[in-house]
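Here's the structure, in C-alpha cells; my notes come after.
Values quoted throughout were computed directly from the atomic coordinates according to the rules given, and no laboratory measurement underlies them. This one's a predicted model, so the numbers in the text were calculated from it and none came from an experiment. Backbone-built Cβ (ideal geometry, glycine too); neighbour counts: all protein chains shown.
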Amino acid sequence: MGNYLGRLYRTDLAIRVSKGTVPVWENGRADRKRELTKYSSSRWAGAITRAAEDQYQLGMRGLTAYCDTLTTNIRQLEKRLAVPVGTVDAAKTRGYRTPAEHRAKTLRLRHQEAALVTASARLSLGSPAIAVGGGQLWGARQNLAAAGLTRGQWRARWDAARMFLTADGESGAPWGNQTIRVETDGTLVIKVPTGLTDMMGAKLRLSVPVGFELRGAEWADRAAQNQAIRYDITFDADKERWYLNASWSYQDAAVIPPVTALQGGRIIGVDLNADHLTAGIVDASGNPVGTPAIIPLLVAGLSASTRDGHLRQAITTLLDHAEAAGAAAIAIEDLNFVDARTTGRETMGRGHRGKKFRRTVAGIPTGAFRDRLTAMAANRGIWIIAVDPAYTSRWGEQHWAKPLQKRTSSPTVTRHQAAAVAIGRRAHGHSITRRKDGVRSQQRMTAPTPPADAMVKPVNTRAPSGTVTGLPRRPLPRPTG
C-alpha cells in the first residue's frame, strides 16, 4: 500500500513541479485530486495533493535561500578581489594574502557565478530540484562504498523512504480520522485505496493493538471526542520495524500575559550552545538560585530526524527543570545565525580555525530550537521571553562566574553557566553587571576602611572637627589621661 500510494504521490508532485510558480487557483489541484480519486479515494487524493503542494513550496523556499547565499558570496568575493594582494583599502576591506589565494578565489567566483545562473533559471521557471526519498540517500547511491552500504541495503532504505502513508485528520470523523484511524481499544484500521481493494478488501484491520507511550492520555481524549488527528506510518528498513505517529494542533492562546507579570516570579535563563543547553534559575530580585544545570545536546553529524529527536529530548528535560523550579517563563536569546551562515567562509575566518568556527555556527540549531521550544512550552503552560543577546557571555563571565563558583561544589563554573544567569537577569529587567563590593553611600560599614581600589584624598583642613575627608564620617576616639 505504501509503495502504491508513493507512486501516485511522486506522479502528482512531478505534475505540480511542471506547472511552476502559478497562483493557487491555477495550480490544478482540484483536477489532480479528481484524477487521483479514481485510483485511491477522495481522502487519500486530498492528502497526496496537499503533501505535494507543501513539498513544492518547501523546495521553492530552499531554492530561494540558495540563490541568496550565492549572491552574498559573489558580492563578498568581488569586494575582496578588487583589493590588491596583501593590502587594505580605505573601507578596511582586506585583500587576499598571496597571489595563489587570489587566483583560487577568482576560480571560486567563476564557479559561484555559474551556479547562480543555473539556480536563478530554475527559480524563474519555478522548478526546484526535489529528490523524493532524500538527496543525501540519493547521493549515497553514487558511492555505496563510502556510505558503507550494499546495493540491497540501499534499495531497502530507498523504497522505505519513498512510501506514502499519511492521512490528515478530520474533526467530527470517527476517532478523528476516516482514512487511518486508531480506535480507543488500540485497533488500527486503514482505508484501502481503490486500486488495491480486489487484493486487500475495503479496509485493512491489524489484529495486534497499537498504543502511544508519549501523551497517550491526551491522544485518547481527542480520539474519544472525535477531534482531528493526523497519522503517519513509516518503515525503518534497518530495524525492520513499522512506526505509527499521531499529531494534532492546538488553538492559539487567547490571552498573553504581560512581561511584568512574568517578572514577578522565577525565570529560567537558557544559553544555547553547539553541544549543550545551560539553564539557570533567577528569582524576581535577579539573584541566581542554585547552580545552572547543563543539558547535553549532541546533534553534530546526525540525520535530520535523529537530530530533531535529540532536540526534543533536550527541550523536554528543560521544561521538566522549569516545572520543578516553579518557573513560569523561560528566557532565551533572540539569536539567529542566518546572516552569518549566508556570508560563509569569506567573513568568518580562514584555514582550519575558520572552518571549525563555521561548523560550530552551522551546528547550533537556533531556529529549530526556538520553534520547538515555543510549541512544546505552550503545551506545558510555560511562556517564552526573548532577550537581547548582546554581551551576555562576556558580562556574565565577568560579573557572575566568581559568585557562582563560591556557592557550588563543582570544580569550575563555565562562562555558559554565567551567561544563563545573565540572560535570566535581563529577562527580569535587571542589569547584567554587578556593583563592586566596598563602601556604599549612606550605608553602615563595620570596618572604617575604604575599598581596595578607592583613592584616599588628603586631609581637608576645612573639614568639620572630628572627621576626615575621603573616609566614612566616624567620631575620632577621645584622648585619655
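Some values worked out for this structure:
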item	result
Where Cα atoms sit under 26 Å apart: lysine pairs in region 2-130 separated by 8 or more or lying on different chains	5
Neighbour-limited loop hits for trypsin sites (Lys or Arg not before Pro), region 362-435 (at most 15 other Cβ within 10 Å; DSSP other than H, G, I, E, B)	ARG407, ARG434, ARG435
Environment charge of ASN273, counting only residues whose C-beta is closer than 12 Å and scoring Lys/Arg +1, Asp/Glu -1	-2
Derived scalar couplings ³J(HN,Hα) [region 163-169; Karplus, 6.51 cos²θ - 1.76 cosθ + 1.60; whole Hz; x for Gly, Pro]	6, 9, 9, 10, 10, 6, x
Distance between modelled label sites at SER42 and LEU244, nm, 7 Å Cα→Cβ extension	2.6 nm
Sequence ranges 132-145, 46-59, ranked by mean other-Cβ count within 10 angstrom, highest first	46-59, 132-145
Taking the C-alpha atoms of region 165-247, convex hull volume expressed per residue in Å³	104 Å³
Separation of the THR106 and ARG50 label points, Cα + 7 Å toward Cβ, nm	5.6 nm
Under 9 Å, Cβ to Cβ, from LEU188 - net charge with Lys/Arg +1 and Asp/Glu -1	+1
